[in-house]
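The values are calculated or read from the model by the stated rules, or taken from the named source; none is laboratory data. Please read these numbers as outputs of a predicted model, since none were measured by experiment. Using ideal geometry, Cβ is built from the backbone for each residue, glycine included, and neighbour counts are taken over all protein chains shown. Surface areas here come from the heavy atoms of the whole protein model, side chains and all, with no ligands, DNA or RNA. Shrake-Rupley method; radii C 1.70, N 1.55, O 1.52, S 1.80 Å.
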Amino acid sequence: MAVATAKKATNGKPGPKHNIDAVREEYYRRIAKHDMAPLWKVMNSVVTEEPKTRCAPVVWHYDDVKSLVMESGGLITAEEAKRRVLILENPAMHGESKATNTLFAGIQMILPGEVAPAHRHVSAAIRFVLDGEGAYTAVEGEKAFMSPGDFVITANWAPHDHGNPSKKPMLWLDVLDFPAVNFFEASFAENFDAPTQETTRQDGDSLSFYGSGVLPDGTPSMNRSPVINYTYARTRPIVERMMQAGEIDKRHGARVRYANPVTGGPVLPTMTAWLAMLPKGFRGEPYRATDGTILVCVEGQGRTDVDGEVLEWGPNDIFVVPPWKRYRHTAPKESVLFSISDRPAQEALGIWREGK
Ligand code: 1HN
C-alpha cells in the first residue's frame, strides 16, 4: 500500500529506488492539500538562467491599422467608448491587453468635435501622435495641441481629457504602464463630473517654463517630467544635427533620450522614450536589453531583425522588440524611429541589464 510504504520510506531517507517516484507523487499530493509544493520541481523555471519572454516580436502596418481604426468611428462615439482605442495585442498574449508583458499599446482616434471625458488613474501614459493636427490633450490644467511626431505624457493620477476642435481626425499611439501597475495590484482610477477640465495654463507653458534651459525658482524635483509635451519640431533637428556631426551609436543611430529637465531622469518613472535618426544605408550592430520596447517608424523605411525574425517597417508602422531578444536595425533610407520602453522601472528595481 502506497501510504504505508511512504511512512516507512520517508523516515529521513529515500525509500528503495523502484517505488520512490510513487512515494514522491503521493507526498506532493498530500502537501498540495496544505497549499505547499516542492521547489525542486520548479526551481529552473522560476529562476531562469536567462530572461524567458512570453512576448513575441510583431509589427502593425499603419495602412491596416488606420483603416480599421477609422472604421471604429462609425461604430461608437468617443463619448460612449470613453476612449475609442483599438488595442495592439501581442499575438503571444491575446486577450491580455498587452503589447509587452509590462506595457499596453493602442491606437486612439478623436474625430472633429469629439471630447474624451476627463478622468485620472495610477497608470501613466505616453501618447505619440501619428495623424492629424490641432487636437489636444488637456493635462494638469494645460491643453497641449499636437502635431505628428509630438508626444504628451500623462503622469500617475494626472487628470486628463482629450478634444479635437480641428477639421481632421487625430490618431495617436497610447502606451500605458498598466500591465506593470496591475502586476503590483496597485491600480486606482476615477472619473470627473465635468467632461473637460478647467484650463489654468496656456498651451506651451510647461515646455516654455521647464524645457528651455531655465527653471522657475522653486521648481521641485519630481520623478516625472514637469514638461507635458515634447514636440517633434524641437527634437528632430537635434538628431539630424547629431547625425551630421557623426554622433552615431553603432546600435541605435543618432539617438536622444527624452529627459526630465529637472533631474535628467526619464520622462516618467515607469517608461522612457527616445528619438533616433538612422542614416541612409545604416546597418546597426546587434543589441539586447531586458526592457521590452515599442517602436514607431516616424519617417523612412527599413527593417529590424529580431532574433532571426525580420520586421519590415515604413511610416507610422509600430513594432515590438521583446526583452532580451537580440536585434539590429537596417535602414536603406534615412529613417527616424521613436521608441518607448519600461527601462526606468527595471532600473529603479536594479534588474535592468544590456548586452550584445
Ligand atoms: C486611457 O485612459 C487612455 O486617457 C487611453 O486616453 C488608453 C488604455 C487603457 C486604460 C486607460 C486615455 C487607455 C486608457
Quick one: which of Lys52/Lys356; Lys82/Lys167; Lys52/Lys280; Lys143/Lys250; Lys52/Lys98; Lys250/Lys325 span more than 27 angstrom between C-alpha atoms? Lys52/Lys280; Lys143/Lys250
For the pair Met43/Glu240, report the inter-label distance in nm, with labels modelled 7 Å from Cα in the Cβ direction. 5.9
Nonlocal amide H pairs with Ala144, under 5 Å, H built at 1.01 Å: Thr137, Ala138, Val139
Under the rule rounded for a/c under 1.5, else prolate if a/b exceeds b/c, else oblate, using alpha carbon gyration tensor axes a ≥ b ≥ c, segment 193-287 is classed as prolate
Carbon plus sulfur, as percent of the 1.4 Å-probe accessible area of segment 69-139, comes to 53
Over segment 214-356: Rg over Rh, Cα atoms, Kirkwood Rh: 0.98
Probe 1.4 Å - accessible area at Leu207, Å² to nearest ten: 20
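Considering only protein heavy atoms, what per residue accessible area in square angstrom results for segment 277-347 with a 1.4 angstrom probe?
35
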Over all directions, average the projected area of the Cα convex hull of segment 99-225 and note it in nm². 8.5
Please calculate how many Å² of accessible area segment 62-151 carries per residue, with a 1.4 Å probe and no DNA, RNA or ligand atoms counted. 37
Find the relative contact order for the chain and round it to a whole percent, using C-alpha pairs within less than 8 Å whose residues are 6+ positions apart. 15
Taking segment 117-237 and dividing mean pair separation by its residue count, relative contact order in percent (alpha carbons under 8 Å, at least six apart): 34
So, R0 is 25 Å and r is the distance between the beta-carbons of Lys82 and Glu347; what FRET efficiency does that work out to, to 0.05? 0.15
Please report, as a whole percent, how much of the solvent-accessible surface of segment 194-257 comes from carbon and sulfur atoms (probe radius 1.4 Å). 50
Measuring from label point to label point, each 7 Å out along Cα→Cβ, what is the Val310 to Ala92 span in nm? 2.1
What's log10 of I(q)/I(0) for the chain at q = 0.14 Å⁻¹, Debye sum over Cα points only, no solvent? -1.16
Just to make sure I understand: if all protein chains stay in place, what is the order of Arg283, Arg29, Arg255, Arg84 by accessible area at 1.4 Å, largest first? Arg283, Arg29, Arg255, Arg84
Inter-part gap, Cα centre of segment 144-205 to Cα centre of segment 283-318, in whole angstrom, is 26
Phi-based couplings in Hz for segment 68-82 (Karplus 6.51, -1.76, 1.60; Gly and Pro marked x): 5, 5, 4, 4, 5, x, x, 9, 8, 8, 4, 5, 5, 6, 6
Once the whole set of protein chains is in place, how much accessible area is left on Asp305, using a 1.4 Å probe, in Å² to the nearest 10? 50
For segment 87-136, rounded, prolate or oblate, judged on the Cα gyration tensor with a ≥ b ≥ c (square roots of eigenvalues), a/c < 1.5 rounded, else prolate if a/b > b/c? prolate
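Show His61, His252 ordered by accessible area, largest first, where the area counts protein heavy atoms only and the probe is 1.4 Å.
Correct descending sequence by accessible area is His61, His252.
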So, with points 7 Å from each Cα along the Cβ direction, the Ala194-Ser212 label distance in nm works out to 2.7
Quick one: ranking His121, His94 by accessible area, 1.4 Å probe, largest first, what do you get? His94, His121
Please say if segment 180-219 is rounded, prolate or oblate, where rounded means a/c under 1.5 for a ≥ b ≥ c the square roots of the C-alpha gyration tensor eigenvalues, and otherwise the choice is prolate for a/b larger than b/c and oblate otherwise? oblate
